[in-house]
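Below is one structure, written out as structure tokens, with a few remarks after it.
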Amino acid sequence: MNIRKEVLSNVSKIVVKIGTRVLTNEDGFLDKNQIMELSRQIVGLYSAGYNVVVVSSGAIGAGISALGRHKRPNILPELQAAAAIGQGKLIEIYNECFEKQGYHAAQLLLTRQDFEDRQRYLNTCNTLHSLLSLGVIPIINENDTISVDEITFGDNDILSALVSNLLRAELLILLSSVDGLYVKPPTSGKKSDVLSVVDGISDDIKKLAFKLKTKEGIGGMESKLEAASIITSSGEAAIIANGRQPDVLSRIMGFDNVGTLFIPYKNKKKIDSRKRWIGFIVRPKGEIYIDDGASEALQKKGKSLLPSGIVKIDGDFVKGDVVSILSVKRHKEIARGLINYSSEEVQKIKGLRTSFIRKTLGSKPYDEIVHRDNMVLL
């Protein structure tokens with residue numbers, strides 16, 4: 001069976017991320033005709049029975065256009081001011097385009113904190129599912145007016161991956177100004193071949209990322225690969241495609257060879273919602289470096305992390321925080337999990353057998369530093 005048909009036939013929920021350059025013309029102004037065309041395609045997916053959530057860039061660009069400027073500001077307050085002006089204009093155009101086809105659009109402005117706080121995360125999930133049940137098309141963007149580091153967060157690529165995991169969407173479509181993952185960076189006047197299917201995001205695949213920064217946006221292939229890596233590590237699929245191609249969404253779901261399809265490594269199981277939150281949503285508060293024996297126990301034997309395998313720690317964390325677990329030999333992250341002890345306590349018991357925990361700390365609430373049920377292998 002065609003690999004695209006095999007993967008995409010099981011899709012019911014889709015997150016479509018639309019980049020700034022897909023929405024704007026050569027002068028950097030919002031292209032209303034293009035937004036109308038994309039809206040038509042999204043409605044087509046709805047009519048075909050798919051649930052679709054849109055993550056759209058373009059608010060800052062819309063604000064810059066409204067101000068009559070032709071250059072993206074470099075100062076944070078000016079970027080936030082442009083976003084404040086542009087957010088309303090962007091959702092107004094989307095809603096107008098969808099209403100012409102009998103649908104309403106709803107705007108959700110999110111920050112990273114909305115994902116990291118478990119209650120806010122679940123509330124966001126419930127709101128999105130309610131909107132979908134009402135036949136309303138959610139349009140999500142970062143709340144750039146109050147965000148700081150989020151403005152350079154990856155041009156909404158990572159946000160779209162987080163939304164996909166929140167919804168457990170089977171497919172993330174990243175619409176950009178590139179045709180897919182190129183074998184080599186395209187040069188002026190010369191085309192480069194695009195990979196059709198990528199089976200997992202290996203280090204060799206990451207080397208194919210090239211930096212692209214324009215006056216309209218800040219995203220590049222690097223952030224798109226990071227988003228695709230989050231999705232495939234969760235057991236789902238992602239596609240990078242050119243949003244200016246005619247009928248790109250219907251062609252993708254018609255199994256045409258459009259863009260680059262990223263699929264999980266073979267035998268990679270889908271991760272449940274709670275573990276997606278632990279492994280890919282919450283930013284770790286600290287790092288735990290472990291020896292080879294502990295690395296093998298975690299990766300090959302499905303064991304929990306015990307204090308005896310810990311070599312060193314970095315950062316300040318408390319019980320219940322998410323921590324990053326790294327191989328001290330390879331200096332590479334291999335897992336994330338919820339910690340059972342504070343950084344101060346782990347510092348005291350690292351390298352010790354579990355039988356020494358009570359003697360060292362005065363109590364032993366847990367044998368495990370990170371229990372396997374609260375851990376996600378990366």
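Structure data summary
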| item | result |
| --- | --- |
| Only listed residue being surrounded by fewer than 22 Cβ atoms within 10 Å (Cβ to Cβ), over 27 Å from ASP114 (Cβ atoms) and in the same structural domain as VAL22 (by TED's automatic domain parsing), chosen from LYS312, LYS301, LYS269 | LYS269 |
| Test: residue in region 135-158 that is in the same structural domain as ALA62 (by TED's automatic domain parsing), modelled with pLDDT of 90 or more, surrounded by fewer than 20 Cβ atoms within 10 Å (Cβ to Cβ) and not acidic (Asp, Glu) | yes |
| All positions within region 284-298 that are assigned to a loop (DSSP other than H, G, I, E, B) and either modelled with pLDDT under 90 or not charged (D, E, K, R) (or both) | PRO284 |
| Candidate set from region 82-132 (those that are surrounded by 16 or more Cβ atoms within 10 Å (Cβ to Cβ) and of a type in the set (Ser, Thr, Tyr)); member that is farthest from the chain's Cα centre (by Cα) | TYR103 |
| Selected residue [touching a residue at least 12 places away in the same chain (Cβ under 8 Å), among the hydroxyl-bearing types (Ser, Thr, Tyr) and in the same structural domain as LEU195 (by TED's automatic domain parsing)] from SER65, SER47 | SER65 |
| Pair list, Cβ under 6 Å, 6 or more apart: region 358-378 residue within 17 Å of VAL346 (Cα to Cα), other residue of a type in the set (A, V, I, L, M) and in a helix (DSSP H, G or I) | THR360/ILE349; LYS364/ILE357 |
| Any hit, region 338-349, residues being surrounded by 16 or more Cβ atoms within 10 Å (Cβ to Cβ) and under 21 Å from the mean Cα position of the chain (by Cα) | yes |
| ARG274, sole failed condition from (1) without any contact (Cβ under 8 Å) to a residue 24 or more places away in the chain; (2) surrounded by fewer than 22 Cβ atoms within 10 Å (Cβ to Cβ); (3) within 14 Å of ALA335 (Cβ to Cβ) | (3) |
| Among (1) small (Gly, Ala, Ser); (2) modelled with pLDDT under 95; (3) out of contact with any Asp or Glu (no Cβ under 8 Å at 6 or more places or on another chain) - the single one GLY44 does not satisfy | (2) |
| Cross-chain or 6+ apart pairs with Cβ under 9 Å, region 129-140 first and in contact (Cβ under 8 Å) with a residue 60 or more places away in the chain, then assigned to a strand (DSSP E or B) and among the small types (Gly, Ala, Ser) | ILE137/ALA105; ILE137/ALA106; PRO138/ALA105; PRO138/ALA106; ILE139/SER56; ILE139/ALA105; ILE139/ALA106; ILE140/SER56 |
| Unmet criterion (only one of (1) modelled with pLDDT under 95; (2) within 29 Å of ARG40 (Cα to Cα)) for LEU175 | (1) |
| Odd one out for ILE252 among (1) at pLDDT below 95; (2) more than 19 Å from ASN156 (Cα to Cα) | (1) |
| Condition check for ILE14: in contact with a Gly (Cβ under 8 Å, 6 or more places away or on another chain), in contact (Cβ under 8 Å) with a residue 60 or more places away in the chain, closer than 21 Å to LYS224 by Cβ and not in a loop (DSSP other than H, G, I, E, B) | no |
| Qualifying residue in region 95-103 (condition: modelled with pLDDT of 90 or more and touching a Leu at 6+ places or on another chain (Cβ under 9 Å)) | yes |
| Evaluation of ILE75 against (1) at pLDDT 85 or above; (2) more than 17 Å from LYS17 (Cα to Cα); (3) over 22 Å from the mean Cα position of the chain (by Cα); (4) among the β-branched types (Val, Ile, Thr) (one fails), failing number | (1) |
| Test: ILE18 is of a type in the set (A, V, I, L, M), out of contact with any Ser or Thr (no Cβ under 9 Å at 6 or more places or on another chain) and within 13 Å of GLY243 (Cα to Cα) | no |
| Filtered residue count, region 287-298, keeping only those that are surrounded by fewer than 19 Cβ atoms within 10 Å (Cβ to Cβ) and either in contact (Cβ under 8 Å) with a residue 60 or more places away in the chain or in contact with a Ser or Thr (Cβ under 8 Å, 6 or more places away or on another chain) (or both) | 2 |
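The values are calculated or read from the model by the stated rules, or taken from the named source; none is laboratory data. Please read all numbers here as calculations on a predicted model, not as lab measurements. Glycine also receives a Cβ, built like all others from the backbone with ideal geometry; neighbour counts cover every protein chain displayed.
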